[in-house]
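*Asks:* Here it is, the structure, as structure tokens.
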Amino acid sequence: MTTDNIPEPAGPTTLDVVEDKGIVGIMTGIFSSPTEAFQAFDKKASFKLLIMPLIVVILATMAFSLSTAQFEAQDQYNLLKNSTVIPQSELQKMQDKAQEGVSGSDLALKVVLTFIGIPVVTAIISLIVWGMGNFIFGGKTNFMRVWGVTILGGLIGGLNSLFKVPLVLAKGTSSVTYGLAALMPGKDVTSLLYFLFFTLDGFVIWSMIVTGLGYAVIYKFTPGKGIALSVVVTLLAVAVGMAGLVIGMSFAGVEISII
């Protein structure tokens, strides 16, 4: 009896490797093999599985927020110092805070807002994706899976936050970006074009594509359709942010320009 024609046993697939490592494998797979990572998540989707990535995103965001708080205070003053409606006394308080340093109570507030804000914001985004995916794009899945994909995709945003910290410390401003906004020196968010480029930086585009692959997995869409869903929701979020900026700056008496 010959064994010459018996095929060698197939080695483990990328999906097998990701599944074997559990949530850690899923989280690292987001950066190297996103489709397989989302497939592994889709098989075991549960709130318990989301705790670790959610904590990582919160801690990364918090690290950026606390490390750059002083620069944010200075940038806020620079943005509003030419306001035509904010009393001079309030502007003076903002300038004093920027020069003297952020208080412990302000830092504590940032911690609380981050712990609350990340779960709430990702949940709201997921509700929008869930509604559009189920009723407009013609798919069907549950909210937990959509929220999970959104949080896992947020790991790329967490990495973005960590990568920005040394850039902020080097440049002395919180307005740093790994995108086209870097090609517009001297501009700030009072320029709508700058705001658009600042918001849609390289990491956001990367996250948008990866998250779209995740939506494709849980909805059983083609990759292109999943990415389209992610793009639509991302652009909707940018539009809401831009509208909020225009309204806020209008009330603050700060002029907004298109370019």
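None of the figures in this text is laboratory data; all of them are computed from the coordinates on show. Owing to the predicted nature of the structure, the values given are computational and were not obtained by experimental measurement. Quick reminder, even Gly has a Cβ in these numbers, built from the backbone with ideal geometry, and neighbours come from all protein chains shown.
*Asks:* Angle check, please: helix 34-44 long axis (alpha carbons) against the longest principal axis of the chain (alpha carbons), in degrees 0 to 90, nearest 10.
*Replies:* 70
*Asks:* Here's another thing I want to ask about it. For the chain, what does the convex hull of the Cα positions come to per residue, in cubic angstrom? Don't skip to the end; give the middle numbers.
*Replies:* On the way: hull volume 43.0 nm³, N = 259.
In the chain, the Cα hull volume divided by residue count equals 166 Å³.
*Asks:* Same structure, new question: Give a residue-ordered list of calculated ³J(HN,Hα) values for the range 205-219 (Karplus: 6.51 cos²θ - 1.76 cosθ + 1.60, θ = phi - 60°; whole Hz; x for Gly, Pro).
*Replies:* These are the phi-based 3J(HN,Hα) values: 5, 4, 4, 4, 5, 5, 4, x, 5, x, 4, 4, 5, 6, 9 Hz.
*Asks:* Could you point to the residue in Ile118, Ile136, Ala98 farthest towards the positive end of the chain's charge dipole, with +1 and -1 charges on the Cβ of Lys/Arg and Asp/Glu respectively?
*Replies:* After comparing all options, I get Ile136.
*Asks:* Would you kindly derive the ³J(HN,Hα) couplings of the range 159-172 from the backbone phi angles with the Karplus curve 6.51 cos²θ - 1.76 cosθ + 1.60 (θ = phi - 60°), listing them in order in whole Hz, with x for Gly and Pro?
*Replies:* Here the 3J(HN,Hα) series is 5, 4, 4, 5, 5, 7, 4, x, 5, 5, 5, 6, 8, x Hz.
*Asks:* If you don't mind, there's one more thing I want to ask. Kindly express, to the nearest 10 degrees and within the range 0 to 90, the angle between helix 47-67's C-alpha long axis and the longest C-alpha principal axis of the chain.
*Replies:* Approximately 30 degrees, to the nearest 10.
*Asks:* Continuing with the same structure: What are the ³J(HN,Hα) values, in whole Hz, obtained from phi via the Karplus relation 6.51 cos²θ - 1.76 cosθ + 1.60 with θ = phi - 60°, for each residue of the range 223-237 in sequence order, with x given for Gly and Pro?
*Replies:* x, x, 5, x, 5, 4, 4, 5, 5, 4, 5, 5, 5, 5, 5
*Asks:* Expressed as an acute angle from 0 to 90° and rounded to the nearest 10, what is the orientation of the C-alpha long axis of helix 88-100 relative to the principal long axis of the chain?
*Replies:* The helix 88-100 is inclined about 60 degrees to the chain.
*Asks:* Given the rule -39500 (n - 2.57) for each run of at least 4 DSSP H residues, summed and divided by the residues of the chain, what is its mean residue ellipticity at 222 nm, to the nearest 500 deg cm²/dmol?
*Replies:* Working: 11 runs with 192 residues, N = 259.
One gets -25000 deg cm²/dmol as the mean residue ellipticity at 222 nm.
*Asks:* Something else about it: List the lysines whose Cα lies under 16 Å from the Cα of Lys171, skipping any in the same chain that are fewer than 8 positions away.
*Replies:* Here the lysines satisfying the reach criterion relative to Lys171 are Lys187.
*Asks:* A further question on this structure: Please identify, among Asp75, Asp106, Asp188, the residue showing maximal mean-square fluctuation in a Gaussian network model of the chain using a 10 angstrom Cα cutoff.
*Replies:* Most flexible of the set in this elastic network: Asp106.
*Asks:* Relative contact order of the chain, please, whole-number percent, based on alpha carbon pairs below 8 angstrom and at least 6 residues apart. List each step's numbers first, then the result.
*Replies:* Working: 299 pairs, mean separation 59.9, N = 259.
Here the relative contact order equals 23 percent.
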